[in-house]
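**Student:** First the structure, which I've put down as structure tokens, then a few questions once you've had a look.
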Amino acid sequence: MKKEICPVCNGTCRMPVPENLQRYKNIMAKYDPATDTLGCDNCGGQYQFSEATGQVSANRDGVPCTHNYSGESVGRCLTKYTCNYCGDCYRIDSGD
């Protein structure tokens with residue numbers, strides 16, 4: 001599958017800190033105070049134990065996807081997240 005440049009980080013693997021997370025940024029993983037950015041959570045950083053890549057799949061319209069995930073429980077501590085636009089999916093094991 002052909003990859004496109006991530007529309008959230010423009011391929012830099014870094015994204016601005018969302019407004020609703022500003023007060024927590026100093027304690028967040030992958031926060032860089034020098035650039036006031038976080039690791040991108042649209043192009044790989046959302047996956048458990050993964051890093052941003054700067055690339056994403058295209059959505060149904062053929063443009064780089066800005067993911068919007070819906071989650072469903074698939075096990076006692078396992079949640080599957082699927083993008084509503086392109087079908088990208090991943091699983092997170094909370095280990096509870």
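**Student:** Please go through the range 59-94 and give me each residue that is under 14 Å from GLY44 (Cα atoms) and not in a loop (DSSP other than H, G, I, E, B), ordered by number.
**Tutor:** PRO64, TYR69, TYR81, THR82, CYS83, CYS89, TYR90, ARG91, ILE92
**Student:** Can you list residue pairs whose Cβ atoms sit under 9 Å apart, with the first residue in the range 7-25 being in contact (Cβ under 8 Å) with a residue 12 or more places away in the chain and of a type in the set (D, E, K, R) and the second being in a strand (DSSP E or B) and loosely packed, with under 13 Cβ neighbours inside 10 Å? Count only pairs 6 or more apart in sequence or on different chains.
**Tutor:** Within 9 Å, the pairs are ARG14/ASP32.
**Student:** Among (1) under 24 Å from GLU4 (Cα atoms); (2) more than 11 Å from the chain's Cα centre (by Cα), which single condition is ASP93 missing?
**Tutor:** Here ASP93 clears every test but (1).
**Student:** When you look at CYS13, is it crowded, with 18+ Cβ neighbours inside 10 Å, under 16 Å from ASN68 (Cα atoms) and not β-branched (Val, Ile, Thr), yes or no?
**Tutor:** Spelling it out, it is not the case that CYS13 is crowded, with 18+ Cβ neighbours inside 10 Å, under 16 Å from ASN68 (Cα atoms) and not β-branched (Val, Ile, Thr).
**Student:** May I ask you to say which residue of ASN26, ASN68, ASN10, ASN20 is under 25 Å from GLY95 (Cα atoms), out of contact with any Leu (no Cβ under 6 Å at 6 or more places or on another chain) and of a type outside the set (Lys, Arg)?
**Tutor:** The match here is ASN68.
**Student:** Output the qualifying pairs, or none if there are none: Cβ atoms under 6 angstrom, residues six or more apart or on different chains, first residue in the range 27-46 and under 14 Å from TYR69 (Cβ atoms), second residue surrounded by 12 or more Cβ atoms within 10 Å (Cβ to Cβ) and β-branched (Val, Ile, Thr).
**Tutor:** ASN42/VAL8; CYS43/THR53; CYS43/VAL56; GLY44/THR53
**Student:** Only one of (1) surrounded by 15 or more Cβ atoms within 10 Å (Cβ to Cβ); (2) closer than 26 Å to THR82 by Cβ; (3) not hydrophobic (A, V, I, L, M, F, W, C) fails for THR37. Which number is that?
**Tutor:** Looking at each condition in turn, THR37 falls short on (2).
Laboratory data are not the source of any read-out in this text; all were calculated from the coordinates shown. Computed from a predicted structure; not experimentally measured. Heads up, the Cβs are rebuilt from the backbone with ideal geometry, glycines too, and the neighbour counts pull from every protein chain shown.
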